[in-house]
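Here the structure comes first, spelled out in structure tokens, and everything after it is commentary.
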2 protein chains.
Amino acid sequence: MEHNLKEFFDKALKEVSLDCAVFGFHEGELKVLLLRWKGTDGWSLPGGHILLDESANDAANRILTQRTGLSDVYLQQFYTFGNVNRYVYHPEKELLEKLETTFGKGFFDGIIFRRVVSIGYYALVEFAQVQPTPDWFTDECRWWSLADVPHLLFDHNEMIERALKALRRHARNHPIGYNLLPEKFTMPELQRLYETILDRSFDRRNFQKLLMSYDILERLDEKRIGAANKSPYLYRFVKEKYDKAVEEGISFSM
Amino acid sequence: MEHNLKEFFDKALKEVSLDCAVFGFHEGELKVLLLRWKGTDGWSLPGGHILLDESANDAANRILTQRTGLSDVYLQQFYTFGNVNRYVYHPEKELLEKLETTFGKGFFDGIIFRRVVSIGYYALVEFAQVQPTPDWFTDECRWWSLADVPHLLFDHNEMIERALKALRRHARNHPIGYNLLPEKFTMPELQRLYETILDRSFDRRNFQKLLMSYDILERLDEKRIGAANKSPYLYRFVKEKYDKAVEEGISFSM
DNA sequence: TTTTCTTTGTGTAAAATTTACGCATTGAAT
DNA sequence: ATTCAATGCGTAAATTTTACACAAAGAAAA
């Protein structure tokens, strides 16, 4: 296994990596995809290195496809982390020992635990479509509710914080939802998404009025049945209009 | 001179660099600081490499201090450029030949013209305070009006575009001016700055009302004299309140 | 010295946007 | 059939944004 890694690194940039906060929406909560490093209980964001003949954005797409099974994921670069000790620092000595047990002593020296600048991306994905898949360094990949995210390796907690801020800023200036919701959804579901991301509540009547005023949604003749209340209509985004609104920006003024 | 460069590179990251769009405001126009490469008429943004024991932000500050003579420059990271050919590509073959004449054939191979990811920063500075200073590769450093910026080396035109977009976004969500104007300024001068950055005009009465509503400006008892018209009052930012407003954000709603 | 010209200082009304809020209806569960 | 919780729809009030005009100051010109 050491062989493959070396071979990969020969074709990749060593001083730059990228990490990605993958956000999904499930049961009214924002979730983020995390990886548990082999033989340890240390968690991190998915990430990886950029190949020599590959742009940073392509690398992010490649890595995201590997971790989720999805192609053409919605990706947004949000910040580049360039502190000196961001990658070298790891608070749990115990954890490093476990990693050394798994990978062999000194294995990471000069590969992982060196000075690396990391480009931060966030991704928005449809929760149900994701097939969480661990990578070479990890043996578990799964969703975490944002509120439950543990203390992560490296500077990845800070990364999530910044990614969230960037996502919130984005949601205030662009329509959001196409990448996070299934094709058909109800207005209350969309509202819940907005409330979760922006961390506040909205009047449902005003919310509906505002969202419909953007002219990006189409109400279908179907309703969601099953709950003990009036069945809500289903909606879907009109892709062309949605894309246009993403492009031009809208100000979510609630 | 080759010696110094090699010595420097031994202490620096080679696959990452940073470039900086330095903006100043003078005679009602936005200016950007550019460097002319030795022996050529090719211009680029100021930039440089990150030392091994230095964070990206510290490196940006160091480089900016070297180019402007200012310390503690207002700096904002806005995007990281990770395309494969962004640094290798240079449209003017002629230019490369001139560089080779100046620096020696093959001098740049493996130093400059290689795969490098560059972190983009923009800086806001007080025009009159800047002492434009060329670096090791260049023999001229001067201000350019944004409208006159020529075709630049590498992907630096795109960098300026993106920096401007980021600056505009910033100006719509935060107060601006403290870093671009002298300590004391008139309301029309501040308005001109906003109009230049946001590329539109404002009603001067509404502008004054809005800016004063932010409670970040103090009107002084002095006036600017000399022009053939009613002397306008001088204002200055109240630093603590300005900083608070930058921190919390305001929406410039005109 | 007077007049002219340009630019500044100030306030109010209209328009548009945002917020607040009530009642009838639906559909599952009791 | 009744109850209960959530949805669909519309209007009035509050706030924010926009539009707009006239008097005053100061240098320059007459």
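The values are calculated or read from the model by the stated rules, or taken from the named source; none is laboratory data. These numbers come from a predicted model, not from an experiment. Here Cβ is always computed from backbone atoms with ideal geometry, including for glycine, and neighbour counts include all displayed protein chains. Calculation scope for accessible area: heavy atoms of the full protein, side chains included, ligands and nucleic acids excluded. Shrake-Rupley method; radii C 1.70, N 1.55, O 1.52, S 1.80 Å.
Run through the DSSP bridge list for chain B and note the antiparallel percent, rounded to the nearest 5.
Just about 80 percent of them are antiparallel.
How much accessible surface area, in Å² rounded to 10, belongs to the heavy atoms of B:LYS184 with a 1.4 Å probe?
My reading of the accessible area for B:LYS184 is about 70 Å².
So if I place +1 on the C-beta of Lys and Arg and -1 on the C-beta of Asp and Glu, and nothing else carries charge, what would the dipole magnitude of the stretch B:38-154 be about its Cα centre? I want it in debye, nearest 20.
Roughly 280 debye for the stretch B:38-154.
Nothing charged except the Cβ atoms of Lys and Arg (+1) and of Asp and Glu (-1): what's the magnitude of the dipole of chain B about its Cα centre? Round to the nearest 20 debye. Let's see the in-between values first.
On the way: 34 positive and 38 negative charges, 165 e Å.
Computed charge dipole of chain B: roughly 800 debye.
Put the label 7 Å from Cα along Cα→Cβ for B:ILE250; what are its distances to the other copies, in nanometres, shortest first?
Output for B:ILE250: 2.8 nm, nearest copy listed first.
Exactly which trypsin sites (Lys or Arg not before Pro) in the stretch A:185-252 are in a DSSP loop and have at most 11 other Cβ atoms within 10 Å?
A:ARG200, A:LYS230
Just to make sure I understand: if all protein chains stay in place, what is the order of A:MET159, A:MET254 by accessible area at 1.4 Å, largest first?
A:MET254, A:MET159
What figure in square angstrom, to the nearest 10, would you give for the accessible area of B:CYS141 with a 1.4 Å probe?
20 Å²
Could you give each residue of the stretch B:133-139 its phi-based ³J(HN,Hα) in whole Hz, using Karplus coefficients 6.51, -1.76, 1.60 with θ = phi - 60°, and x for Gly or Pro?
Per-residue couplings from phi come out as 9, x, 10, 5, 8, 10, 10 Hz.
Starting from the Cα of A:LYS6, draw a straight line to each of the lysines and keep only those under 17 Å, dropping any in the same chain fewer than 8 residues away.
The reachable lysines, counting only those whose Cα sits under 17 Å from A:LYS6, are A:LYS14, A:LYS105.
Given R₀ = 22 Å, what would the calculated FRET efficiency be for A:ASP148 paired with A:LEU198, taking r from the Cβ atoms and rounding to 0.05?
Details: r = 20 Å, r/R0 = 0.92.
Using R0 = 22 Å, I get an efficiency of 0.65.
I need the calculated FRET efficiency for the pair B:LYS165 and A:ALA228, taking r as the beta carbon distance and R₀ as 60 Å, to the nearest 0.05.
Working: r = 49 Å, r/R0 = 0.82.
That gives a FRET efficiency of 0.75.
Accessible surface of B:ASP109 in the full protein assembly, 1.4 angstrom probe, to the nearest 10 Å²?
For B:ASP109, the solvent-accessible surface is approximately 110 Å².
Taking a probe of 1.4 Å and counting only protein heavy atoms, give the total accessible area buried between chains B and A in Å², rounded to the nearest 100.
So the buried area, both faces added, is about 1700 Å².
Given DSSP loops and a limit of at most 11 other Cβ atoms within 10 Å, what is the longest stretch of chain A that contains no such GluC sites (Glu not before Pro)?
Values: sites that count: A:GLU27, A:GLU183.
The longest uninterrupted stretch comes out as A:28-182.
Can you tell me which lysines have their Cα less than 21 Å from the Cα of B:LYS223? Leave out same-chain residues fewer than eight positions away.
Partners found: B:LYS184, B:LYS209, B:LYS239.
Any idea how far apart B:GLN131 and A:TYR214 come out in nm if each label point goes 7 Å out from Cα toward Cβ?
Taking the two extended label points, one gets 5.1 nm.
How far is B:ALA128 from itself in the other copies, in nm, if each label sits 7 Å out from Cα along the Cα-Cβ line, shortest first?
6.5
Using a 1.4 Å probe on the protein chains only, how many percent of the accessible area of the stretch B:84-215 belongs to carbon and sulfur?
Details: 3000 of 6360 Å².
Result for the stretch B:84-215: 47 percent of the exposed heavy-atom area is carbon or sulfur.
Can you list the residues, at least 5 places off or on another chain, whose amide H is less than 5 Å from the amide H of B:LEU52, using H built in the peptide plane?
Under 5 Å from the amide H of B:LEU52 lie the amide H atoms of B:ALA12, B:LEU13, each far enough along the sequence or on another chain.
Of A:THR138, B:THR102, which has the most accessible area and how do the rest follow, probe 1.4 Å?
My answer, sorted largest first, is B:THR102, A:THR138.
Which residues' amide hydrogens lie under 5 Å from the amide hydrogen of A:PHE78, considering only partners 5 or more residues apart or on another chain, with H built in the peptide plane?
The list, which skips near neighbours in sequence, is A:GLY120, A:TYR121, A:TYR122.
What is the sum of charges around A:ASN157, taking Lys and Arg as +1, Asp and Glu as -1, for the other residues whose C-beta is under 12 Å from the C-beta of A:ASN157?
-2
With the contact rule set at Cα under 8 Å and sequence spacing of 6 or more, what percent relative contact order holds for the stretch A:175-248?
On the way: 71 pairs, mean separation 26.2, N = 74.
Result for the stretch A:175-248 is 35 percent.
Taking only protein heavy atoms into account and a 1.4 Å probe, give the accessible area per residue of the protein assembly as shown in Å².
With all protein chains present, the protein assembly as shown gives 49 Å² per residue.
Which listed residue (A:VAL130, A:LEU96, A:PRO188) has the Cα farthest towards the positive end of the charge dipole for the protein assembly as shown, taking +1 on Lys and Arg C-beta and -1 on Asp and Glu C-beta about the Cα centre?
Value: A:PRO188.
Which one, A:ASN179, A:LEU45, A:THR68, projects farthest toward the positive side of the charge dipole computed for the protein assembly as shown from Cβ point charges (K/R +1, D/E -1)?
A:ASN179
Heavy atoms only, probe 1.4 angstrom, no DNA, RNA or ligands counted: give me A:LEU217, B:LEU96 ranked by accessible area, highest first. Can you show the working numbers first?
Details: A:LEU217 15, B:LEU96 45 Å².
Largest accessible area first, the list is B:LEU96, A:LEU217.
Kindly write out, for the stretch A:161-166 in residue order, the coupling ³J(HN,Hα) from the Karplus curve 6.51 cos²θ - 1.76 cosθ + 1.60 (θ = phi - 60°), rounded to whole Hz, with x marking Gly and Pro.
4, 5, 4, 4, 4, 5
How far, in nm to one decimal, is A:ALA147 from itself in the other copies if the label point is set 7 angstrom along Cα toward Cβ? Shortest first, please.
Shortest to longest, the spacings are 5.6 nm.
Counting only C-alpha contacts under 8 Å and six or more residues apart, can you give the relative contact order of the stretch B:2-172 as a whole percent?
Averaging sequence separation for qualifying contacts and normalising by length gives 34 percent for the stretch B:2-172.
Calculate the dipole size of the protein assembly as shown relative to its Cα centre from +1 charges on Lys and Arg beta carbons and -1 charges on Asp and Glu beta carbons; express the result in debye to the nearest 20.
About 1580 debye.
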